[in-house]
Ligand SMILES: [Zn+2]
């Protein structure tokens, strides 16, 4: 038993702390991918910190669907759009 445990960690040697980290999300990342962020994980007792593992869940988009690395969308176009060689599609910023 520790007689006078540290009040911050209560003798455990580690404390919980909220931190903000910016991580790079690779383009085209999909559900189920685990990203490893080196040395941003839990502290090792007397050792270096472990790696942080981030599980990716891609939120569904209201207008776009994924098919592998393709992005699909359904949009109505007019008959004049079809008959001209060029027409524009509406895209939504997100
Ligand atoms: Zn302490």
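Assorted remarks:
- Kirkwood hydrodynamic radius of the chain, from inverse mean 1/r over distinct Cα pairs, in Å: 18.7 Å
- The calculated FRET efficiency for residue 72 paired with residue 35, based on their beta-carbon distance and R0 = 41 Å, is about 0.95.
- Hydrodynamic estimate: the Kirkwood radius of region 34-83 over Cα pairs, inserted into Stokes-Einstein at 37 °C and 0.692 mPa s, corresponds to D of 217 µm²/s.
- Taking label points 7 Å from Cα along the Cα-to-Cβ direction, residue 3 and residue 17 give a separation of 2.9 nm.
- Note: relative contact order over region 20-94, using C-alpha pairs below 8 Å and six or more positions apart, is 20 percent.
- Working note: 222 nm ellipticity from helices only, DSSP H runs with n ≥ 4, each -39,500 (n - 2.57), summed and divided by the residues of the chain, gives -1000 deg cm²/dmol to the nearest 500.
Bear in mind that the values in this text are calculations on the coordinates, not laboratory data. A quick note: this is a predicted structure, and the numbers were derived from the prediction, not measured. Ideal geometry is used to build each Cβ from the backbone, glycine not excepted, and the neighbour counts take in all protein chains shown.
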